[in-house]
1. Can you tell me which condition F17 does not meet? The list is (1) open to solvent by 30 Å² or more (accessible area, probe 1.4 Å); (2) aromatic (F, W, Y); (3) within 14 Å of ligand 1 (Cβ to nearest atom), and all the others hold.
2. Anything in the stretch 156-167 that is within 14 Å of ligand 2 (Cβ to nearest atom) and either open to solvent by 10 Å² or more (accessible area, probe 1.4 Å) or over 15 Å from F243 (Cβ atoms) (or both)? List them, or say none.
3. Quick check: anything in the stretch 130-152 of a type in the set (A, V, I, L, M), within 12 Å of ligand 1 (Cβ to nearest atom), open to solvent by less than 20 Å² (accessible area, probe 1.4 Å) and outside any helix (DSSP H, G or I)?
4. Name every residue in the stretch 20-43 that is away from ligand 1 (no atom under 16 Å from the Cβ) and surrounded by fewer than 16 Cβ atoms within 10 Å (Cβ to Cβ), in order of residue number.
5. What is the one condition in (1) in contact with an Asp or Glu (Cβ under 8 Å, 6 or more places away or on another chain); (2) surrounded by 16 or more Cβ atoms within 10 Å (Cβ to Cβ) that P190 does not satisfy?
6. Just to be sure, is L116 within 24 Å of K297 (Cα to Cα), surrounded by 22 or more Cβ atoms within 10 Å (Cβ to Cβ) and within 16 Å of ligand 2 (Cβ to nearest atom)?
7. In this structure, does F197 turn out to be of a type in the set (F, W, Y) and open to solvent by less than 10 Å² (accessible area, probe 1.4 Å)?
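The values are calculated or read from the model by the stated rules, or taken from the named source; none is laboratory data. Source: prediction; values computed, not measured. All Cβ positions, glycine included, derive from the backbone under ideal geometry; neighbour counts span all protein chains shown. The accessibility values were calculated without ligands, DNA or RNA, using every heavy atom of the protein model including side chains. Shrake-Rupley method; radii C 1.70, N 1.55, O 1.52, S 1.80 Å.
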Amino acid sequence: MNQVDYLRVSLTDRCNFRCQYCMPEGAELNYLIKPQLLNDEELLTLIKEVFIPVGFTRFRLTGGEPLLRPGVVDLVRAIASLPQTQDIAMTTNGFLLAPIAQNLYDAGLKRINISLDSLDSQIFDAIIGNRGKGLWQQVWQGIQAAYSVGFDPLKLNVVVIPGVNDHEILDLAALTIEKQWHVRFIEFMPIGNGELFSDRGWVASAQLRQTISDRWGLTESQIPGNGPADIFQIPGAKGTLGFISQMSECFCDRCNRMRLSADGWLRPCLLNETGQIDLKTSLRDGVSTSQLQEQVKQLLTIKPEINFKQRDSGTINSYSRTMSQIGG
Ligand code: SAM
Ligand code: SF4
C-alpha cells in the first residue's frame with residue numbers, strides 16, 4: 001500500500017484568472033468569504049498537530065491562486081521551518097510571482113509549478129479568460145524570476161485542449177531542451193467545465209508522446225518522478241517531460257496524497273467526495289487535535305477504497321465543483 005504523506009493545501013478558492021477549463025465564464029462560483037477560510041493559525045495547527053503526527057511530511061500550496069493569499073510568504077516560512085517538513089512546494093499561475101519569487105525562496109520554498117498553457121500571448125489570454133490585456137508577459141517574467149532565483153525543479157504545467165493549444169505541443173516541449181525546465185502535460189478533465197469539455201474533448205498523453213517522439217525521439221527519464229506523472233526526456237535535453245494521464249490511465253493505485261480545501265475539508269480523492277471530513281468546524285467546535293488525528297487516521301485506512309475509478313460510469317462528467325474550489 002502506498003504511504004500517504006503528501007498534502008495539497010488550498011490557500012484560497014479565488015483566482016485572478018478564469019481559465020476556461022477551470023473557472024469557465026458564466027459558471028456561478030460561490031466564493032468563500034473570509035470567516036469560512038481556515039485562518040493561518042488554524043491551518044498551522046492542523047499541519048503541526050494533526051497532519052504531521054499521522055505521517056504527512058510533504059506539502060504543496062495551491063488554490064485557486066495561492067499567491068492571492070495575504071501573508072503567503074510567512075505561511076511558507078512557518079511550514080518550511082517545521083523540522084518534520086521534508087518538502088514544501090507550490091502550484092501557481094505565476095502572475096504575481098516575479099516580485100516575491102526571492103522572498104518565497106528565502107522563506108524555504110524550493111520547488112514550484114507554474115501553469116503555462118501557451119507561448120502565444122493571444123491564445124494565452126483567451127485561455128485565461130482575459131480579453132486583450134496581454135498578461136502572458138507578466139507570467140513569463142514570473143517564470144524567469146523563479147528560474148534565476150534558483151527554484152529547482154521548476155515545472156511548467158500545461159493542460160492540453162484540442163483546437164486551443166494542442167498545436168503548441170512541440171514548442172512547449174522544446175522549452176526543456178536548453179534549460180532544466182520540466183514541462184508537465186496534463187490531460188484535460190471535465191471538472192466544472194462540462195460545456196467546454198463536450199465541445200473539445202481531450203488529448204491522450206500517448207498521442208502527445210508520439211508527436212514529440214516523431215520530432216526528437218523520446219526516452220524514459222532516468223530522473224525519477226515522485227508523483228502521478230510518467231517522466232520522459234528528449235535525448236540530450238536538460239529538463240524532462242511529464243505526462244499526467246488521469247483520463248487515459250488510472251493511477252489511483254499509486255496515489256500518495258490528500259487535499260485540504262481552503263475551508264478546511266479534507267478530501268481523500270480529487271474526484272470522489274466519499275469520506276471527506278470537515279476539520280475546520282471540528283477545530284472551531286473544540287474537538288481536540290488528538291481526536292482529529294484519529295479521524296484522519298481512519299480516513300487513511302479507507303483511502304485505498306476511495307478513488308475515481310468510477311469514472312467509467314460517468315462520475316467525473318457529473319462533477320460540478322471546479323479544480324479551483326477543490327484545490328487542484
Ligand atoms: N492557480 C494555480 C495554477 O493554475 O497553477 C493553482 C491552482 S490550479 C487549480 C492547479 C492545476 O490544476 C493547474 O496546473 C491547472 O492547470 C490544473 N487544472 C485546473 N483545471 C483543470 C482541468 N479541468 N483539467 C486538468 N487540469 C486542470
Ligand atoms: Fe486560476 Fe489556476 Fe484555475 Fe486558472 S487553473 S482559473 S489560474 S486556479
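1. Tallying (1) open to solvent by 30 Å² or more (accessible area, probe 1.4 Å); (2) aromatic (F, W, Y); (3) within 14 Å of ligand 1 (Cβ to nearest atom), F17 fails exactly one: (1).
2. Matches in the stretch 156-167: N157, V159, I161, V164, N165.
3. No, the stretch 130-152 contains no residue that is of a type in the set (A, V, I, L, M), within 12 Å of ligand 1 (Cβ to nearest atom), open to solvent by less than 20 Å² (accessible area, probe 1.4 Å) and outside any helix (DSSP H, G or I).
4. Hits for the stretch 20-43 are E28, N30, I33, K34, P35, Q36, N39, E41, E42.
5. (1)
6. no
7. Answer is no for this residue.
Yes/no per residue for (1) over 18 Å from R14 (Cβ atoms); (2) without any contact (Cβ under 8 Å) to a residue 60 or more places away in the chain:
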site	(1), (2)
I52	yes, yes
L61	no, yes
G94	no, yes
L104	yes, yes
L116	yes, yes
N130	no, no
